[in-house]
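Taking it in order: structure first as structure tokens, then the write-up.
The values are calculated or read from the model by the stated rules, or taken from the named source; none is laboratory data. Just so we're clear, the structure is a prediction, and the values are computed from it rather than from any experiment. Here the Cβ is made from the backbone with ideal geometry for all residues, glycine too, and neighbour counts use every protein chain on show. Protein only, heavy atoms only, side chains kept; ligands, DNA and RNA dropped before computing areas. Shrake-Rupley method; radii C 1.70, N 1.55, O 1.52, S 1.80 Å.
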Amino acid sequence: MAVTNIPISKQGYKRLEEELARLKSERPAIIQAIKEAREEGDLRENAGYDAARERQGMAEARIKYIESRMALYQVIDLDKLSGDKVIFGSTVEVEDVDTEESRTYTILGPDEAEPAKGSISFLSPVGQALLGKEVGDEVSVDIPRGRVTYEIVDITFRGSSIFD
């Protein structure tokens, strides 16, 4: 099944547009580095050449990836969201029913989620388990350390302030 649209926040979309512009603007410098390394002679033992080619390959792959996704994005204004169910853009406080440890997750798209900063993809196992649930609901999910059951303690909509 092909994905036809992927939700993304306005801020996440803007960040990807900026990354795409930056990557495209770096192309001439990468090409110049390859040219200079090539002029140094034997390409078989030229670390500068190899590094520049690798950098070019990675930049071009990322450019292609972002460009291929741009048409699929459904840009969502987080400041206009509200409700009492977990949806894209909501911030959810959960409590582990076994350890009583509390966690807070903001549900975002796969290309903007940053677990280290508290945002997870709606496609992640925890994101999938939480979607559509309400305060008081319990969800069980398999995570790397095993199966965990969370109770949803609170659902808020912080809008674009989640990026501050």
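Points to keep in mind about this one:
- Lysine pairs meeting the criterion (Cα under 17 Å, 8 or more apart or interchain), as found in the chain: 5
- HN-Hα J in Hz across segment 135-147 - Karplus 6.51, -1.76, 1.60, θ = phi - 60°, x for Gly and Pro: 4, x, 5, 10, 10, 10, 8, 8, 10, x, 8, x, 7
- Put simply, the amide H of Asp154, placed in the peptide plane, has neighbours under 5 Å in Glu93, leaving out anything fewer than 5 places away on its chain.
- Once the 1.4 Å probe is applied to the protein heavy atoms, segment 1-140 comes out at 60 Å² accessible per residue.
- Whether segment 41-121 is rounded, prolate or oblate, judged on the alpha carbon gyration tensor where a/c under 1.5 counts as rounded: oblate
- Take Phe163: with every protein chain present and a 1.4 Å probe, its accessible area is about 60 Å².
- Karplus-based coupling profile of segment 8-16, in residue order and whole Hz: 8, 6, 4, 5, x, 5, 4, 4, 5, with θ = phi - 60° in 6.51 cos²θ - 1.76 cosθ + 1.60 and x standing for Gly or Pro.
- Averaging Cα coordinates gives a centre for segment 103-164 and one for segment 48-94; these two points are 17 Å apart.
- When Ile155, Ile31 are compared by accessible surface with a 1.4 Å probe, the order from highest to lowest is Ile31, Ile155.
- Against the chain, whose longest principal axis is taken from its Cα atoms, helix 47-70 shows a tilt of about 40°.
- Per-residue packing, averaged as other Cβ atoms within 10 Å, sorts the ranges 125-131, 54-60 into the order 125-131, 54-60, beginning with the highest.
- Annotation: amide H-H contacts under 5 Å for Ser9 (H modelled 1.01 Å from N, sequence separation of 5 or more, or interchain): Ile76, Gly109.
- Amide H contacts of Ala113: none lie under 5 Å away among residues 5 or more positions distant or on a separate chain (H built 1.01 Å from N in the peptide plane; Pro and chain starts excluded).
- Over all distinct Cα-Cα pairs of the chain, the Kirkwood formula returns a hydrodynamic radius of 18.4 Å.
- Computed from backbone phi, the HN-Hα couplings of segment 31-39 come to 4, 5, 5, 5, 4, 5, 5, 5, 6 Hz, rounded to whole numbers (Karplus: 6.51 cos²θ - 1.76 cosθ + 1.60, θ = phi - 60°; Gly and Pro given as x).
- Percent accessible area from carbon and sulfur atoms, the chain, protein chains only, probe 1.4 Å: 50 percent
- Mean shadow area of segment 79-156 over all directions, Cα convex hull, nm²: 4.9 nm²
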